[in-house]
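Trainee: What follows is a single structure, and I will ask about it in a moment.
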Amino acid sequence: MNPEALVRPELDSGVPAGEVLLAFAAAIIGTDRAALDDARAALAEALGPAAVVGASAVAGNFSKNDRVANGIGIPIDDMVFKGTEDLRAQLGLNDYKSAVNTFRHLTPG
Amino acid sequence: MRFYAESDYPVGAELDGAHAAQFANFARAGAWGTADQRLAVIHEARQAGIEAGLLEASGDGGVRPTVELPGAIRDVIGTLAVNCPDFDQATYQAACEAGLSDAAFAELVAIVSFVVNLDVFARGIGVPLRPFMEPRTGAPTRTVPAEAILEKAFVPTIPNVPDGGDFAAELYGGHFKPYIMRALSIVPDEYRAHVALEQAQYNPLPKVMVFDYSHHEGLSRPQVEIGAGRVSAINDCFY
């Protein structure tokens, strides 16, 4: 799996039907209802009707988690922070506004 | 009667039941909010989504609130519901200045996050937003666990064992819990609801680190993670 496709969806994710899943994930939390309808039909065609339910459940769940994380202001856990330096830099995650909830706890130097 | 009986896509019994249970939870008094206040909060969050074009209004939105929320609280709800990347410590402080305690704030974050989740799901499978239920009578418990302490979040949380003591051992089932799960622990019933939704919609918690396991028919685990990661990237969520 190529994680860079998460922030640059025009890239190949390396996952079967990844482009269909990326398009559905963006459409379900976007404002273009016609695009969502198209993405849903494409997902059902590519992976079957049950995949629409699963992808919707996952998108809803992470819409929840993103709000819980940003709303409560939690930092990422130490063990994850220490193992993701390269990935965070590659994906530009350190530039997210919510990164401050982690970085404000770091000791300078 | 299934909660998503009219869906063209096959919603399993576990997921159907978890969502029905959460809508019933919204209609009960919480630790800090009355059922009427909780209805006003989730109604405000849904309306913000509709006005932003992220949701489509349905013919039957269910019961409408009778409680009027202060403007400052409505602003906090709106930011969390439709502008998640910009929710920051200043937004939290605005909620405090509007009169919310840390625990009441955490309950608000919980129920706004939950209703966004459920509305996103309904939109995804192409069914109308589920109607809100009639609020039930009952008083908030207004209790804060003595074990909750200020760690590294805006509000106190219950630490993992051993620091969280017997209460943490019971609440967390004897397992280490990452911050994303412990975030709502100052309101234990919302923590439990958060876990229930997580297990129905993502993975049973014991399976989270089992990378060849998928909880979703038709999707491999990498396909699940592609969807999860893309949503969080769009939401600019560092966690």
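Trainee: Taking A:SER56 as the residue in question, decide whether it is within 18 Å of B:VAL120 (Cα to Cα) and touching a residue at least 24 places away in the same chain (Cβ under 8 Å). Spell out the reasoning first.
Mentor: On the way: within 18 Å of B:VAL120 (Cα to Cα): yes; touching a residue at least 24 places away in the same chain (Cβ under 8 Å): yes.
Criteria met by A:SER56.
Trainee: Out of everything in segment B:166-186 that is at pLDDT 95 or above and touching a Pro at 6+ places or on another chain (Cβ under 9 Å), what residue ends up being nearest to B:VAL231 (Cα to Cα)?
Mentor: Only one residue fits best here, namely B:TYR179.
Trainee: Right, another one. Do you know which residues across segment B:166-203 are surrounded by fewer than 20 Cβ atoms within 10 Å (Cβ to Cβ) and polar (S, T, N, Q)?
Mentor: B:GLN199 - this is the single residue of segment B:166-203 that is surrounded by fewer than 20 Cβ atoms within 10 Å (Cβ to Cβ) and polar (S, T, N, Q).
Trainee: Sticking with this one: Kindly indicate whether any position in segment B:30-38 is farther than 29 Å from A:PRO49 by Cβ and within 14 Å of another protein chain (Cβ to nearest Cβ).
Mentor: Initially, segment B:30-38 is screened for residues farther than 29 Å from A:PRO49 by Cβ, giving B:30-38.
This time we only want the ones that are within 14 Å of another protein chain (Cβ to nearest Cβ), so: none.
Checked against the condition, which is being farther than 29 Å from A:PRO49 by Cβ and within 14 Å of another protein chain (Cβ to nearest Cβ), segment B:30-38 yields no hits at all.
Trainee: Further, regarding this structure: Just need a number here: residues in segment B:18-60 that are without any contact (Cβ under 8 Å) to a residue 24 or more places away in the chain and of a type in the set (Gly, Ala, Ser).
Mentor: Total meeting the criteria: 2.
Trainee: Take B:ALA200 and decide whether it is more than 7 Å from chain A (Cβ to nearest Cβ), within 21 Å of the chain's Cα centre (by Cα), over 30 Å from A:VAL20 (Cβ atoms) and of a type outside the set (Ser, Thr, Tyr). First the steps, then the outcome.
Mentor: Values: more than 7 Å from chain A (Cβ to nearest Cβ): yes; within 21 Å of the chain's Cα centre (by Cα): yes; over 30 Å from A:VAL20 (Cβ atoms): no; of a type outside the set (Ser, Thr, Tyr): yes.
Criteria not met by B:ALA200.
Trainee: A:VAL80 fails exactly one of the following numbered conditions: (1) within 16 Å of B:GLY229 (Cα to Cα); (2) more than 9 Å from chain B (Cβ to nearest Cβ); (3) part of a helix (DSSP H, G or I). What is the number of that condition?
Mentor: (2)
Trainee: Are there any pairs with C-beta distances below 6 angstrom linking a residue in segment B:122-138 that is under 13 Å from B:ALA24 (Cβ atoms) to a residue that is modelled with pLDDT under 95 and acidic (Asp, Glu), with the two at least 6 apart or on different chains, and if so which?
Mentor: Between residues of segment B:122-138 that are under 13 Å from B:ALA24 (Cβ atoms) and residues that are modelled with pLDDT under 95 and acidic (Asp, Glu), the close pairs are B:PRO131/B:ASP60.
Trainee: Right, another one. So the check is Cβ under 7 Å with 6+ separation or different chains; which pairs have a first residue in segment B:81-104 that's within 12 Å of chain A (Cβ to nearest Cβ) and farther than 20 Å from B:THR157 by Cα and a second one that's exposed (fewer than 14 other Cβ atoms within 10 Å of the Cβ) and among the hydrophobic types (A, V, I, L, M, F, W, C)?
Mentor: From segment B:81-104, the pairs are B:VAL82/B:ALA52.
Trainee: A further question follows. Say we look at segment B:41-65 and pick out the residues that are of a type in the set (Gly, Ala, Ser) and either more than 23 Å from A:ILE29 (Cα to Cα) or surrounded by fewer than 16 Cβ atoms within 10 Å (Cβ to Cβ) (or both); which of these is modelled with the lowest pLDDT? Before the answer, list the steps.
Mentor: Keep residues of segment B:41-65 that are of a type in the set (Gly, Ala, Ser), which gives B:45, B:48-49, B:52-53, B:57-59, B:61-62.
From the residues that got through so far, the ones that are either more than 23 Å from A:ILE29 (Cα to Cα) or surrounded by fewer than 16 Cβ atoms within 10 Å (Cβ to Cβ) (or both) too are B:52-53, B:57, B:59.
Values: B:ALA52: 98, B:GLY53: 98, B:ALA57: 95, B:GLY59: 82.
Going through the qualifying residues, I end up with B:GLY59.
Trainee: Considering only residues that are closer than 18 Å to A:ASP66 by Cα and assigned to a helix (DSSP H, G or I), look in segment B:159-192 and name the one that is nearest to the other protein chains (Cβ to nearest Cβ).
Mentor: Top of the filtered list is B:TYR179.
Trainee: A further question follows. Kindly indicate whether B:ALA72 is small (Gly, Ala, Ser), in contact (Cβ under 8 Å) with a residue 60 or more places away in the chain and in a helix (DSSP H, G or I). Before you say what the answer is, go through the steps one by one.
Mentor: On the way: small (Gly, Ala, Ser): yes; in contact (Cβ under 8 Å) with a residue 60 or more places away in the chain: no; in a helix (DSSP H, G or I): yes.
No.
Trainee: Pull up segment B:105-117, narrow it to residues that are among the aliphatic types (A, V, I, L, M) and more than 8 Å from chain A (Cβ to nearest Cβ), then point me to the one that is nearest to A:ALA57 (Cα to Cα).
Mentor: Checking each candidate, the answer is B:VAL115.
Trainee: Additional query: Here's a check for you: in segment B:204-239, which residue that is touching an Asp or Glu at 6+ places or on another chain (Cβ under 8 Å), within 7 Å of another protein chain (Cβ to nearest Cβ) and assigned to a helix (DSSP H, G or I) is surrounded by the fewest Cβ atoms within 10 Å (Cβ to Cβ)?
Mentor: By that ranking, first place goes to B:SER232.
Trainee: Something else: Hey, among the residues in segment A:83-109 that are part of a loop (DSSP other than H, G, I, E, B) and over 15 Å from the mean Cα position of the chain (by Cα), which one's nearest to B:ALA233 (Cα to Cα)?
Mentor: Top of the filtered list is A:THR84.
Trainee: Restricting attention to segment B:6-57, which residues are part of a helix (DSSP H, G or I), charged (D, E, K, R) and closer than 16 Å to B:LEU118 by Cα? Lay out the reasoning, then the answer.
Mentor: Filtering segment B:6-57 for residues part of a helix (DSSP H, G or I) gives B:13-26, B:35-51.
Still in the running and charged (D, E, K, R): B:14, B:16, B:36, B:38, B:44, B:46, B:51.
Residues satisfying the conditions are B:GLU14, B:ASP16, B:ARG38, B:GLU44, B:ARG46.
The values are calculated or read from the model by the stated rules, or taken from the named source; none is laboratory data. Here the structure is a predicted model, which means the values were calculated and not measured. Note: ideal-geometry Cβ built from the backbone for every residue, glycine included; neighbour counts use all protein chains shown.
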